[in-house]
Every structure is written in structure tokens, then in C-alpha cells.
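Here is the structure we will look at, set down as C-alpha cells.
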């Protein structure tokens, strides 16, 4: 798992503690928290789709053996139908009982990697931040403002196996 985290850091050097936690949550649970209300999720998806420009970028980024971040601006560039892209997102949601231990296991692996790729100070900052996060349980969070500003992320987490349906 750790090579996926290292790769994300190489692609997105502006990653902050929020972004590491968000990635860990996505790897652990996919995008199920985004589809509690399918119609609202679809409306938001289409609004976002219309608001972004088509860009010649990689279609997806692998974040785990099972999941990828499907880049919406790349989908537009490759003329992938927005209905099809949303359907793949929807089909990628696997309903299963929420188990916080899944997140903890992935994060334990991430911590080993973070020790090697972050400075000692940054690693200590992250572990303090993580302890604060854990005080409220395991829950989805947003990207950091720095990440949103620098990376301009427009993606959906989908099962890698669903990419063949594009």
C-alpha cells in the first residue's frame, strides 16, 4: 500500500495532513459516503462536470489495488459521456458495514511510509494531527485548502475493475 501513498506525494506535493487522511479514507471505504442520496450526488456530479474544462491529463490515478481516482477533466477531454462516468462511480459503491479498523490498518501502513518521506518535524506534526482526528472517530474529510488551490482536484473514487466500462 505504501507505494500508492508515495506516488500520490510525487504527483501532489502540496499534500497536507487532511489530504493524507482523505486518501486513507478513500482507500479504506471507497466513495460510499458520497452516495447516501443518489439524486443529490448525481446533480452535484453534473454541476461539477459542467464547471470544469477538459484537460489532457491521465484518466485516473491508482490509490490502492482496488481503487482509482477517476479524473473528470480527463474524462471530458476523452469525450467520455458524463452519464457513463457517473454510472461507474455509482457502481463502485460497495455497501458494507463500517469498520474503523480498516482505516487504522491502512493508516498504520501509511505511518511507516510517512516516516521515510517526511521530515521529522512534518511527521511529528502529522501524528499530532492524526491523534486529534481520531478523537472524533473515523470520518470523511475534505481536501486541505492548499491542495484544492494547487491541485484543483476534480475526480471520483471508483473501483479499478470498472474502468473497463468506460
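The values are calculated or read from the model by the stated rules, or taken from the named source; none is laboratory data. Everything quoted here is computed from the prediction, not taken from an experiment. So basically every Cβ, Gly included, is an ideal-geometry build from the backbone, and we count neighbours across all protein chains shown.
Output the helices (runs of 4 or more DSSP H) that fall wholly within segment 1-52 and possess 1 or more residues being free of Cβ contacts under 8 Å to residues at least 40 places away in the same chain, surrounded by 14 or more Cβ atoms within 10 Å (Cβ to Cβ) and touching a helix residue (DSSP H, G or I) at 6+ places or on another chain (Cβ under 8 Å), or say none.
Here the list reads 38-51.
When the residues of segment 53-101 are filtered to those that are assigned to a loop (DSSP other than H, G, I, E, B) and touching a strand residue (DSSP E or B) at 6+ places or on another chain (Cβ under 7 Å), which remaining residue is surrounded by the fewest Cβ atoms within 10 Å (Cβ to Cβ)?
Filtering segment 53-101 for residues that are assigned to a loop (DSSP other than H, G, I, E, B) and touching a strand residue (DSSP E or B) at 6+ places or on another chain (Cβ under 7 Å), the one surrounded by the fewest Cβ atoms within 10 Å (Cβ to Cβ) comes out as 58.
Out of all the residues in segment 118-142, which are surrounded by 14 or more Cβ atoms within 10 Å (Cβ to Cβ) and within 22 Å of residue 65 (Cβ to Cβ)?
The answer is 138, and nothing else.
More than 16 Å from the chain's Cα centre (by Cα) and modelled with pLDDT of 95 or more: which single residue out of 82, 36, 22 fits that description?
Going through 82, 36, 22 in turn, just one is more than 16 Å from the chain's Cα centre (by Cα) and modelled with pLDDT of 95 or more: 82.
Residues to consider are 122, 150; find the one that is touching a helix residue (DSSP H, G or I) at 6+ places or on another chain (Cβ under 9 Å) and either at pLDDT below 95 or at negative phi (or both).
Criteria check complete, one pass: 122.
For the subset of segment 151-166 comprising residues that are surrounded by fewer than 15 Cβ atoms within 10 Å (Cβ to Cβ) and within 19 Å of the chain's Cα centre (by Cα), which member is farthest from residue 68 (Cα to Cα)?
Among those that are surrounded by fewer than 15 Cβ atoms within 10 Å (Cβ to Cβ) and within 19 Å of the chain's Cα centre (by Cα), it is 152.
Could you list, in sequence order, all residues of segment 153-166 that are at pLDDT below 95 and not in a helix (DSSP H, G or I)?
Once the filter is applied, which keeps residues that are at pLDDT below 95 and not in a helix (DSSP H, G or I), segment 153-166 yields only 166.
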